[in-house]
Amino acid sequence: MASLVYAVWSITNVASVHCAARPEISPCTCEPTYAHNYVELLCEKVDSFHTIVNALSSKFDPYVNVSLKITHSHLEDLEMLSFMDMKMNLIKLRMQWNELKSVPELPFRGLSNVEYLGIGDNELEEVPKHMLNHMPVVKTLDIGRCRIKSVLQDDFKGIQMLMNLFMPSNNITRLDRNTFPPNLVTLHLGRNQIENLNGTLRHLNKLESLFINMNRIASLDDELPESNRLKLIIAQNNRIERLPESMRNLNKLETLYIQQNRIQSLDRVLKNAHNLNELYASNNRIELLASDEFQYATKLEELYLCSNRIQSLNGSLLPLKKLYKANFSFNAIEEFSMDEIRGLLTLKQLDLSNNLIRKLSGSQGNNIDKSSYLIDLYLDHNELTSLDGALMGLNSLRILGLTHNRLERILPEDFIGLEKLEILELSHNRLLTLREMQTTVLPSLKILKVDFNNLTVLDKDFHGLPVLCQANLTHNQIVSISRELVAKTSCVNHNVPGRLELYLEDNPFSCNMLLDEYCPLMKNTEKQIRLRTKCFETYEEMCQSRQYILMLPSVNLSQQQVIPVIVPSTELLKKADNLLPPLFAPLAGGGANIKPLIITPTIKIVEAPVITIPLTTTSTTTSTTTTSTTTPAPITTTHAIDATNNPIINTPLSDSTTATPVKEEQLLNETNDNETLKQSMEITNGKAMLNNDDDKIETATIHMPALNATLEGDVVTPEIQQESVVTQKPAILVVNIDNAATSDTIPSNPVVESKYSTVEYIANLEKVVAPIEAEPPQQPPPDVLIEEDSKSNAIHEEYHNNVMTDYGSAPQNLLQPDEPPENP
C-alpha cells in the first residue's frame, strides 16, 4: 500500500519538482504539467533575448523535455546568442507576436530535437528556410498569419519529416511544384490569394486534411492527390464551378465544405461517397438533384443545400437512412411532398423555409412508421394557402414554423396526431378564425404565435390546448374575447403549473369588454392568467386584489361620472407609497401639500359613504343669505330637493338661516372662476361642501343616485341603484382625508372602523364654458413581445463564422499548433 501511495505521489509531483518556485528564471515562468519529464516555460514581454538566455541557462537537467514560448518580446539581439546557450533539451519552440521581419540562422543551430516550431503571427515575408535546415525532425510547423507571398521549391527541403503545415492568412499567390514535403498529413493554405494550386498536391499521397478555403481558386480538376486518403476538404469561398472527377474515388471522404462557390450541379460525384458524413454546399447555383445523387452515401447525417436554385428534391434523400439534419431553405421549391422523407426515421430537423412552396402533399398518416423522429419542421416564408392535412403522422414534431405564408384557415385534420407539438408559429398569415382548432387537441402545445393575422372573434378556440402557456395575438382585428377562450387551459411547463400569458396589443377590442370578461379570472389563484395589453397597464393589479374596488369608466363621453374607490388611509399611504398603483401614488405625499388632480375621463356620479371633515372657522354663503360662525365641532348639513328636482342650497342648521331653491346654472355661476379647489370636502347623503382658499364653505346639494353600501371585511362595496346625468365638466381628485376626524362625525349608517378611507372622483363645480372632449388615446408603439427565431440562413452563417476561421473546423489534434501530433 505504501509503495502505491509513493508511486501516485511521484507521478503527480514530478512536474512540480521541475517547476517549483524558481525566482532564478525570472522574468520567465515555469508552468507545471503532468507529463513525465516535461515542463513548459513562458517568457512574455521581455526586453531582450540576452535576458532570456541568462535566465534559463543551465536551469534544467538534460533529460527534461522543455517547451519554450517567447511572446510579445523585443528580440532585436536575437542573432547575438543561440538557444544552445541555454543548455537544455528543447523539443517545442513557439515565438509568436514578436514582430519578427526575418529570422537569423545562428540562434537555431543545434536544435536537432525540436519537433514543433511556431513562428507565426509575425511580419515574415518569406519562409525562413535557412533556419529550418537546422531542425530536421520538425513534424509540425506553424507559419501562419504573416506576410509570405510565395512558397518556393526548396523552402521546406530541410524538413522532409514534416507532417502538419499551417500557412493560413498570408498573402500567398505563388506555389511552386513539388514544394511541399511528401509526408504531409495536414495542409492549411486557407485565407490567401491563391488562384491556381499548380499541381502542388498531386504527390501528397498521405494527405488527409486539406484547407484551401477563402482563396480565388476556380478549378480543382487534376489538383487533388492521386491517392484516396483525403478525409476532410475545406474549400468554401472560392470560385469553383464544378466538382472534380477525381473526387468520385474519394471513398474515405467524411467531410466536404464547398459552400460559397459557383457550382451548378453535383453531377453524381458523391454517389459513391460511402463514408461521407457532412456535406455543406449552400450558397451555390445548384438547380437539380438527381434521384441517385447520394445513392451509396448512406452514412450522410448532415446535409446543407440552402441558398441554391433547387426546384425539387426528386427523391434524392430516400437512400440517406442516417440523415439527421437537412436544410433546403432559400431555394425555388414550389411543391413539397412528405413522401420525400418517408422512411427517414433518424431525421430530426428539416428546413424548407424561404422557398416558393404553394402546396404540401403526401400525408404520412398511413405511410410513415409510427416512430417518426422529425422534431423541427420549418415552412416559413412560403406561399402556402392550406396544409391539406399533409402533416398528419409526424407524431414526434415539437416545433412547426408556418409564418409568412398565405394561410386563411386551419382545418381540424391539419394537426391530427401532433401529440408532442410544443411550439406552433402561424404569424403573418391571413387567418380569419381559429375556430376549427376547438376540435383538434394538441396536448403538449405551450407557445402559439398567431400575430399579424385577421382574427376577429375568440371564443372557445383554445379548448384543445390544455397546457398552453403563451399566445401571441397581437396585430389582429380582434373585437371580442370570451372568457371561454381559456376555460379549459392551464399552463403547465415540465409538470409545474405556470402562468398563461396572452399578448393582445394592437387590437380594436373594447377595454370594458376585456376587463369585464377577465377580471373575475384574475382573482382565481388556481388559474394564473396575465393579459399583455394596454388595458391592464393600470387595472390588472386591481383585478387581482380584493383591497381595491374599481368601477370601470364608461365609453360614453357625453356624461360626467364619479368613480368611488377604496384606498388606504393617509398614514398608510405615507408608509407604503411605492406599493400603490400609479393612479393613487400622488396620495402618499400628505393631504396639505397635494394639489387637486384634474381628471378628464368620462365617469358617473354615484353616492359614497359619508365623510365629514372638522373645520375650525367656517363662513357659509348662499344665494340669499350669509352666516358666519366659529366652532370647533364638525359641520352637519341637510339635503333637500324642490318639487322640480332642483337642488336647494343649504346652510348648517341654525336659527338664522333658511333654505332657498336655486337653479343649477346659478350654482355654477356662484363658483369662484379663478380659485383652485382645496383639499377639504363633505358629502352627506348627496350634498357636496367645497372649501376655497379664503376659508369660505360653499355647500350644494346635488341630485345623485341612491347608493347602498355593503361590507366585505375591510372593503366597502357600493351598489348603484339609479343614475342621474350631470353636464360634463372636468373632474378633480379630492384628497386630505383624516381617519380620526372622520370616525367621530358620522351620525348615521356608521362604517366599520378600518385602515381604509373613501376617496371620490367628483365633478368640478367650476364654471365651464363648453364641455371638454376627451382626446382619443394615442396608440403606443408596438412592443417586441416574443422574440422571433431567425432561421433563414443561420446555419450557413454559423459555419461561416466558425468553420471558415483559420483552424475553426478541423480536428483539434490537427489544427492547434500548440500541441505536437502523435508520431505516426
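Total lysine pairs in segment 358-451 at Cα distances under 22 Å, for residues eight or more apart or on different chains: 4. Across the protein chains, with a 1.4 Å probe defining accessible surface, the residues Val492, Val486 rank Val492, Val486 from largest area downward.
Seen from Ile333, the other residues with C-beta closer than 13 Å to its C-beta sum to a net charge of -3, counting Lys and Arg as +1 and Asp and Glu as -1.
Of Cys519, Cys43, the residue with the largest accessible area leads and the full order is Cys519, Cys43 (1.4 Å probe). Applying the Karplus relation 6.51 cos²θ - 1.76 cosθ + 1.60 with θ = phi - 60° to segment 314-330 yields 3J(HN,Hα) values of 6, x, 6, 8, 4, x, 8, 5, 10, 4, 10, 9, 9, 10, 10, 5, 6 Hz, where x marks Gly and Pro. Comparing Asn272, Gln193, Tyr304 along the charge dipole axis of segment 191-304, the residue lying farthest to the positive side is Gln193, per the Cβ-charge model.
The accessible-area ordering, largest first, of the residues Asp154, Asp351 stands as Asp154, Asp351, per a 1.4 angstrom probe. Among the protein heavy atoms of segment 233-384, carbon and sulfur supply 39% of the accessible surface, probe 1.4 Å, non-protein parts ignored. Couplings for segment 378-395, taken from phi via the Karplus curve 6.51 cos²θ - 1.76 cosθ + 1.60 with θ = phi - 60°, read 10, 10, 5, 6, 10, 10, 5, 9, 7, 9, 6, x, 6, 8, 4, x, 7, 6 Hz in order; Gly and Pro are left as x. Each Lys and Arg adds +1 at its Cβ and each Asp and Glu adds -1 at its Cβ; summed about the Cα centre, segment 93-174 shows a dipole of about 100 debye.
Solvent exposure of segment 15-88, expressed per residue, is 51 Å² of accessible area, with all protein chains present and a 1.4 angstrom probe. Taking every protein chain into account, the accessible area of segment 269-367 amounts to 37 square angstrom per residue (probe 1.4 Å). Couplings 3J(HN,Hα) for segment 140-146, derived from phi with the Karplus relation 6.51 cos²θ - 1.76 cosθ + 1.60 (θ = phi - 60°), are 10, 10, 10, 10, x, 6, 10 Hz, where x marks Gly and Pro. Accessible area per residue was computed with a 1.4 Å probe on protein heavy atoms; Cys511 scores about 60 Å².
When the Cα positions of Gly110, Met131, Gly144 are compared along the charge dipole of segment 99-146, Gly110 comes out farthest toward the positive end, with charges on each C-beta of Lys, Arg, Asp and Glu. For segment 390-506, the solvent-accessible area of protein heavy atoms averages 39 Å² per residue (probe radius 1.4 Å; ligands and nucleic acids excluded).
By definition, a body whose alpha carbon gyration tensor gives a ≥ b ≥ c is oblate when a/c is 1.5 or more and a/b is not larger than b/c, and segment 320-456 fits this oblate description.
Once all protein chains are placed together, Tyr296 keeps about 100 Å² accessible to a 1.4 angstrom probe.
Of the whole protein surface, Val457 contributes about 60 Å² of accessible area at a 1.4 Å probe radius.
The values are calculated or read from the model by the stated rules, or taken from the named source; none is laboratory data. The structure displayed is predicted, hence computed values, not measured ones. Every residue, glycine as well, gets a Cβ built from its backbone with ideal geometry; the counts of neighbours run over all protein chains shown. These area figures cover heavy atoms from the full protein model, side chains too; ligands, DNA and RNA do not enter into them. Shrake-Rupley method; radii C 1.70, N 1.55, O 1.52, S 1.80 Å.
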